Amino acid sequence: MTPESNLDKDLMGQCIALALSAFGSTSPNPLVGALLYSDDEIIAKGWHAKAGEKHAEIVAIESCKNPKGSCLYVTLEPCSSHGRTGPCTDAIINAGIKRVVMGSLDPNPEHSGQAVAILEAAGIDVSHGVLKKECQALNEAFNCWIRYNRPYVKLKMAMTLDGKIATKDGQSQWISGTAARDEVQKMRQWSDAILIGAETLKQDDPSLLVRNPETWQRQPLRLIASRSGNLDKNAKVFTDGKSKTEIIDCQTKEDWQTKLKELGENDITALLIEGGGELSAALLNMGLVDKVCFFIAPKILGGKNSRAVIGGADPGALSDAFDLKETTVRQIGEDFLIEGYITDVHRVD
């Protein structure tokens, strides 16, 4: 890894923006952006559009009239092995590129650093780690899935300022505002599967679909956690025909770990939990949540029997609380979104 110049950081930032052009469309592949720079100008750009299609580096190289002698910037270490496409390292060498600047190394331990060694052996100057944290953030789910063979688990909840998600009888629509609900649509675009509990299905009858944009094609798998399986078969998830729905009965941590492994084996890299309070508590207490995203509305509901955002057994001490890392706060419309990590499985090194 070499020191980051301002130019390197600026161009890598542009690569990140290019990668996000395909947000929600590349799973189980990562988001990747690339560009070629020569004689003080960008001469080509590219990004990976979806699994099975050309990698970002190849798109950039093939769109360039003369890549020889240029510098390639790319958010993720180029592939060095044969998959659905040939190794990007071969294409880089054959194109006569003189320098390669990478954001993040390959998260796969079997491949990490291989491209660096191959390119350097071919006489190409290589730098890596430029905007590493930002580049890794592009692919939190992919990084977890490729290393641990299970989906990245993100918990999303919407609550009032006093931590309530519904009234005593289950009314919850709408706690958060329009802008926050639009943000949830982006989270659904990110996800390969969405999980809710049976009570949430009963109270809200959600579609668990990406509704914005209406043309969205990659709808998530819908998972309903239910021990009895006694669910309303007229619910939207069973009748709209827009995506597959599966009822799952996981009662122990081992059951959930087995299910997550099964999902990972079926290319589910990103799992979004959308409630309710008891299901969320169970998965948190089992240590199976990687990141939390809590929308907080500037409302106070009150009521000792109103439903709390996280249920479960009463903790014995404050030390039992879950400490979040790298916490961020954003205002989304009139609401606030607090996000933080419980695990670091999205980090490559």
In the range 243-349, what percent of the accessible surface is made up of carbon and sulfur (1.4 Å probe, ligands and nucleic acids excluded)? 52 percent
In the structure shown, of Lys186/Lys242; Lys233/Lys304; Lys50/Lys98, the pairs separated by more than 25 angstrom at the C-alpha atoms are Lys233/Lys304; Lys50/Lys98
Whole-Hz ³J(HN,Hα) for each residue in the range 272-281, computed from phi via Karplus 6.51 cos²θ - 1.76 cosθ + 1.60 with θ = phi - 60°, x for glycine and proline: what do you get? 10, 9, 10, x, x, x, 6, 4, 4, 4
P(r) of the chain in 20 Å steps, Cα pairs, percent per bin? 28, 51, 19, 1
Just to check I understand the Karplus step: with θ = phi - 60° and J = 6.51 cos²θ - 1.76 cosθ + 1.60, what whole-Hz values come out for the range 306-318, glycine and proline as x? 5, 7, 7, 4, 10, x, x, 5, 6, x, x, 7, 4
What residues of the range 201-227 lie in the reach of a label at Asp255, counting those whose backbone N is under 16 Å from a point 7 Å from the Cα along Cα→Cβ? 223-227
According to the square roots a ≥ b ≥ c of the eigenvalues of the Cα gyration tensor, what is the shape class of the range 1-148, taking rounded for a/c under 1.5, prolate for a/b larger than b/c otherwise, and oblate for the remainder? rounded
Fraction of alpha-carbon pairs over 16 Å apart in the range 197-302 - percent: 65 percent
Taking amide H positions as placed in the peptide plane 1.01 Å from N, state which residues far from Val32 in sequence (5 or more) or on other chains have amide H under 5 Å from it. His48
Largest-first principal axis extents of the Cα set of the range 235-349 (Å): 41, 39, 31
Antiparallel as a % of all DSSP beta bridges within the chain, to the nearest 5? 45 percent
Can you tell me the 0 to 90 degree angle between the C-alpha axis of helix 6-19 and the longest principal axis of the chain, rounded to 10? 60 degrees
Inter-centroid distance (Cα atoms) of the range 1-71 relative to the range 142-197, Å: 31 Å
Could you tell me whether the range 1-75 comes out rounded, prolate or oblate from its Cα gyration tensor? Rule is a ≥ b ≥ c as square roots of the eigenvalues, rounded for a/c under 1.5, then prolate if a/b exceeds b/c, otherwise oblate. oblate
Per the Kirkwood formula over distinct C-alpha pairs, the hydrodynamic radius of the range 132-251 in angstrom is 16.1 Å
What is the pair-distance distribution P(r) of the range 272-316, computed from all Cα-Cα distances in 5 Å bins starting at 0, with each bin given as a whole percent? 5, 18, 28, 23, 17, 9, 0
Here the equivalent ellipsoid of the range 62-182, derived from its Cα gyration tensor, has semi-axes (largest first, whole Å) of 44, 16, 12
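The values are calculated or read from the model by the stated rules, or taken from the named source; none is laboratory data. These numbers were taken from a predicted model, which means no experiment stands behind them. Because the Cβ atoms are built from the backbone with ideal geometry, glycine has one as well, and the counts that use them run over all protein chains shown. The area values use the complete protein model at the heavy-atom level, side chains included, leaving out ligands, DNA and RNA. Shrake-Rupley method; radii C 1.70, N 1.55, O 1.52, S 1.80 Å.
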